[in-house]
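Colleague: Take a look at this one; I'll ask things after.
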Amino acid sequence: MTTLLAPSARIAADPAVLGEIAAPDCSLAVWQRPGFADFTALTAGSPEDLRFNSTPDALAADLARALGQAGFQGDAALHRALVEDAVRLARLFCAAMDLAHFELRLEVVRTDSCRKFHADYVTARLITTYVGQGTDWLETEDAAQVAAGGVPQRIHRLAPFDVGVFKGKLATDTPVIHRSPPIAGSPGGVRLLLVLNPVSRRPVKSGVDRADCPLPPPRHLA
């Protein structure tokens, strides 16, 4: 069953809810799901953040190779679990957004550099957190309070492993206001964050290749 926690939010324990982001009155779609692995080992050491464009069919090979090259720790089974989940999320995101290509970003976050509430300069963005706290977001009234320089009365937070598709400024006049949760001084003090951004759309049947028309680039990471 889909929950309407806010007028523009759709929340359910079914991945099909992510497709509702295409609806004009939906600014946030959240798939609530349980954790399925402990990815803490991937944050050990000093792995380099990943950022590259891919397709659902190419992602498994692209991400598996990139994890090793960037110095991510953990055994082969842990890498495989991350790759398989990322591919699943990429297919869901591309289906919901009618995409041919997307940008993947995998970041180990250790600071509060993105703790201010903001909206993204994208059509929509998929976010999930594998280690640490999930992304904070606001309902309409609290977003208005923040815009006016006030303090929000209620802050919602995605649970680890929850998957959110956040509509941005390029798609609506009411984008989702959100932030990375403050982590300085918290136990562990680290997050492992996966983000998918739109790059280009699928070709249309008429023969006009929309994949040659890239979408506007993302401005920053949540």
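Colleague: On the basis of being under 27 Å from Pro34 (Cα atoms), among the charged types (D, E, K, R) and not in a helix (DSSP H, G or I), does Arg80 make the cut?
Modeller: For Arg80, the condition - under 27 Å from Pro34 (Cα atoms), among the charged types (D, E, K, R) and not in a helix (DSSP H, G or I) - is not met.
Colleague: Considering Ala86, Ala61, which residue is modelled with pLDDT of 95 or more and surrounded by fewer than 21 Cβ atoms within 10 Å (Cβ to Cβ)? Walk me through how you get there before you give the answer.
Modeller: Working: Ala86 fails: surrounded by fewer than 21 Cβ atoms within 10 Å (Cβ to Cβ).
Exactly one of Ala86, Ala61 is modelled with pLDDT of 95 or more and surrounded by fewer than 21 Cβ atoms within 10 Å (Cβ to Cβ), namely Ala61.
Per-residue answers, yes or no, for (1) among the acidic types (Asp, Glu); (2) closer than 18 Å to Leu193 by Cβ; (3) at pLDDT below 95; (4) crowded, with 19+ Cβ neighbours inside 10 Å:
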| site | (1), (2), (3), (4) |
| --- | --- |
| Phe36 | no, yes, no, no |
| Glu48 | yes, yes, no, no |
| Arg51 | no, yes, no, no |
| Ser54 | no, yes, no, yes |
| Leu67 | no, yes, no, yes |
| Asp75 | yes, no, no, no |
| Arg80 | no, no, no, no |
| Leu92 | no, yes, no, yes |
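Colleague: Right, here's the next one. Working only within the range 31-56, note down all residues that are touching a helix residue (DSSP H, G or I) at 6+ places or on another chain (Cβ under 9 Å) and either among the β-branched types (Val, Ile, Thr) or not in a strand (DSSP E or B) (or both).
Modeller: The answer is Gln32, Arg33, Phe36, Ala37, Asp38, Phe39, Ala41, Leu42, Pro47, Glu48, Thr55, Pro56.
Colleague: In the range 130-141, what residues are in contact with a strand residue (DSSP E or B) (Cβ under 9 Å, 6 or more places away or on another chain) and not hydrophobic (A, V, I, L, M, F, W, C)?
Modeller: Those that are in contact with a strand residue (DSSP E or B) (Cβ under 9 Å, 6 or more places away or on another chain) and not hydrophobic (A, V, I, L, M, F, W, C): Tyr130, Gly132, Gln133, Gly134, Thr135, Asp136, Glu139.
Colleague: Name the one entry in Leu193, Leu158 that is buried (at least 19 other Cβ atoms within 10 Å of the Cβ), closer than 25 Å to Asp25 by Cα and either modelled with pLDDT under 90 or among the hydrophobic types (A, V, I, L, M, F, W, C) (or both).
Modeller: Leu158
Colleague: Now a separate question. Tell me which residues, restricted to the range 154-171, are under 19 Å from Leu82 (Cβ atoms) and touching a strand residue (DSSP E or B) at 6+ places or on another chain (Cβ under 8 Å).
Modeller: Leu158, Pro160, Phe161, Asp162, Val163, Gly164
Colleague: Sticking with this one: Given the conditions (1) modelled with pLDDT of 95 or more; (2) under 21 Å from His178 (Cα atoms); (3) buried (at least 19 other Cβ atoms within 10 Å of the Cβ), report the number of the one that Cys26 does not fulfil.
Modeller: Failed condition: (1).
Colleague: Where in the range 95-191 are the strands (runs of 3 or more DSSP E), entirely inside, with at least 2 residues that are in contact with a Phe, Trp or Tyr (Cβ under 8 Å, 6 or more places away or on another chain) and without any contact (Cβ under 8 Å) to a residue 60 or more places away in the chain?
Modeller: Filter on the range 95-191 gives an empty set.
Colleague: Scanning the range 118-148 for residues that are of a type in the set (Asp, Glu) and surrounded by fewer than 20 Cβ atoms within 10 Å (Cβ to Cβ), which turns out modelled with the lowest pLDDT?
Modeller: If we take residues in the range 118-148 being of a type in the set (Asp, Glu) and surrounded by fewer than 20 Cβ atoms within 10 Å (Cβ to Cβ), then Glu141 is modelled with the lowest pLDDT.
Colleague: Which of the residues that make up the range 156-195 are closer than 14 Å to Ala119 by Cβ and of a type in the set (Lys, Arg)?
Modeller: Selection gives Lys167, Lys169, Arg179.
Colleague: Which one is modelled with the lowest pLDDT among residues in the range 196-211 that are over 18 Å from the mean Cα position of the chain (by Cα), among the aliphatic types (A, V, I, L, M) and under 28 Å from Ser27 (Cβ atoms)?
Modeller: Ala211
Colleague: Let me ask you something else. Only one of Arg51, Arg33, Arg91 is of a type in the set (Lys, Arg) and free of Cβ contacts under 8 Å to residues at least 40 places away in the same chain. Can you tell me which?
Modeller: Working: Arg51 fails: free of Cβ contacts under 8 Å to residues at least 40 places away in the same chain; Arg33 fails: free of Cβ contacts under 8 Å to residues at least 40 places away in the same chain.
Checking each option against the conditions leaves just Arg91.
The values are calculated or read from the model by the stated rules, or taken from the named source; none is laboratory data. Bear in mind the structure is a predicted one, so any value in this text is a computation, not a measurement. Note: ideal-geometry Cβ built from the backbone for every residue, glycine included; neighbour counts use all protein chains shown.
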